[in-house]
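The values are calculated or read from the model by the stated rules, or taken from the named source; none is laboratory data. Since the structure is predicted, the reported quantities are computational estimates derived from the model, not experimental observations. Quick reminder, even Gly has a Cβ in these numbers, built from the backbone with ideal geometry, and neighbours come from all protein chains shown. Remember, those area values only see protein heavy atoms, side chains included, never the ligands or the DNA or RNA. Shrake-Rupley method; radii C 1.70, N 1.55, O 1.52, S 1.80 Å.
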Amino acid sequence: MPNTNYMMSLVDREQMQGLENIREFLKIRTSYDVLPLSFRLIVLDTDLLIRKSLAILIQNGIVSAPLWDSHKSAFAGLLTSTDYINVVQYYCQYPDRLGDIDQFRLSGLREIEKAIGVQPLETISVHPMKPLYEACRTMLKTRARRIPLVDVDDETGREMVVSVITQYRILKFIAVNNEHNTVMLKKSVREIGLGTYTNLQTAGMGDSVLSAIHLMVEHNISAVPIVDANNHVLNVFEAVDVIPCIKGGVYEELQSSIGEALSKRAEDFPGIYTCSEDDRLDSIFDTVRKSRVHRLIVIDDDSRLRGMISLSDILMYVLLYGEENDAVSPDAV
Ligand code: ATP
């Protein structure tokens with residue numbers, strides 16, 4: 001009979017070795033290495049009207065963009081779906097100011113944050129030539145899902161936004177360049193406790209878009225799984241789904257159902273990704289290698305919701321497990 005204790009520790013040791021190799025890899029690579037050979041970067045001027053920025057994001061199939069203050073010739077932060085959710089909250093608090101919302105410029109986003117009482121997002125950025133490991137730690141610490149890479153132009157001495165790196169790009173970079181290390185990660189999602197399994201926030205197809213937005217704000221999450229009465233997973237409503245909902249400036253439409261909103265998704269929407277608690281981390285890296293995953297919804301054999309694995313959960317495990325007294329939490333970053 002095989003000695004299970006011994007076998008367990010072999011798997012454990014191999015897993016730890018795989019994680020350490022990946023961390024070493026991240027320390028010798030820079031954020032610059034993650035960028036493709038050629039890429040486009042859409043930067044929005046802070047003088048642009050918020051409603052126009054929505055149309056530009058949609059036309060270009062993007063969900064965020066760095067902001068540029070042309071008065072100061074300086075980088076002015078990153079525009080993300082959180083900013084639009086803030087606009088929605090502003091509308092909820094001041095519904096009679098719809099006319100003002102129509103005239104708000106991107107420079108007014110900070111005023112909106114103040115008016116609704118949310119903490120302004122940190123204007124963080126990293127230098128593209130710094131180790132990727134540092135960019136990852138900064139991401140986990142600030143809970144930023146994407147970070148602009150900002151360099152200084154040698155000639156003018158001014159800041160210059162090079163690109164934006166996302167958690168997905170980093171995980172994909174790890175997956176593509178570390179297959180020999182990711183195959184060592186043989187422990188299952190259940191064994192390593194990857195993701196969230198308690199206090200899951202869900203909604204139904206008939207619930208309003210606004211109710212899903214409120215759940216995201218209240219619980220600081222960027223996706224709400226959509227389930228039926230028996231907890232079978234039907235879809236997921238994401239923070240980025242808010243963008244098409246408000247593009248026409250008709251905020252009353254947020255009262256319409258999640259089902260209707262999801263029907264407005266782009267035709268090339270890749271769908272949702274699921275996994276089981278028995279799936280191993282190496283197979284999750286296979287999925288990241290092959291597909292544009294935003295998050296994994298953990299389901300049981302009957303497609304019922306069990307948990308949520310966000311990209312930050314994966315990144316946090318890969319960077320922090322076994323370090324700093326095993327505390328895999330943002331406080332430990
Ligand atoms: P993104 O998925 O947009 O890249 P992120 O990685 O920060 O961003 P979030 O979806 O905001 O992920 O998740 C933050 C934390 O909340 C994670 O630990 C995740 O497991 C958990 N979580 C995600 N969705 C839910 C949900 N619907 N209910 C409860 N917890 C959730």
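Among the residues making up region 216-240, those that are more than 9 Å from the ligand (Cβ to nearest atom) and closer than 13 Å to Ile299 by Cα are Ile226, Val227, Asn230, Asn231, His232, Val233, Leu234, Asn235.
Every residue, every condition in (1) of a type in the set (Val, Ile, Thr); (2) assigned by TED's automatic domain parsing to the domain that holds Phe39; (3) touching a residue at least 12 places away in the same chain (Cβ under 8 Å), yes or no:
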{"position": "Val118", "(1), (2), (3)": "yes, yes, yes"}
{"position": "Tyr133", "(1), (2), (3)": "no, yes, yes"}
{"position": "Lys141", "(1), (2), (3)": "no, yes, yes"}
{"position": "Leu194", "(1), (2), (3)": "no, no, yes"}
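Filtered by the rule that a residue be open to solvent by 90 Å² or more (accessible area, probe 1.4 Å) and assigned to a strand (DSSP E or B), region 142-156 gives no residues. The set of residues in region 286-326 that are among the aromatic types (Phe, Trp, Tyr) and either in contact with a Cys (Cβ under 9 Å, 6 or more places away or on another chain) or under 12 Å from Val189 (Cα atoms) (or both) contains only Tyr317. Can you find, within region 7-62, the residue that is modelled with the lowest pLDDT among those that are small (Gly, Ala, Ser) and open to solvent by less than 50 Å² (accessible area, probe 1.4 Å)? Filtering first and then ranking leaves Ser9.
Residues checked against (1) free of Cβ contacts under 8 Å to residues at least 24 places away in the same chain; (2) buried (at least 17 other Cβ atoms within 10 Å of the Cβ):
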site	(1), (2)
Tyr197	no, no
Gly206	no, no
Ala212	no, yes
Met216	no, yes
Asn230	no, no
Val233	no, yes
Gly248	yes, no
Tyr251	no, yes
Leu254	no, yes
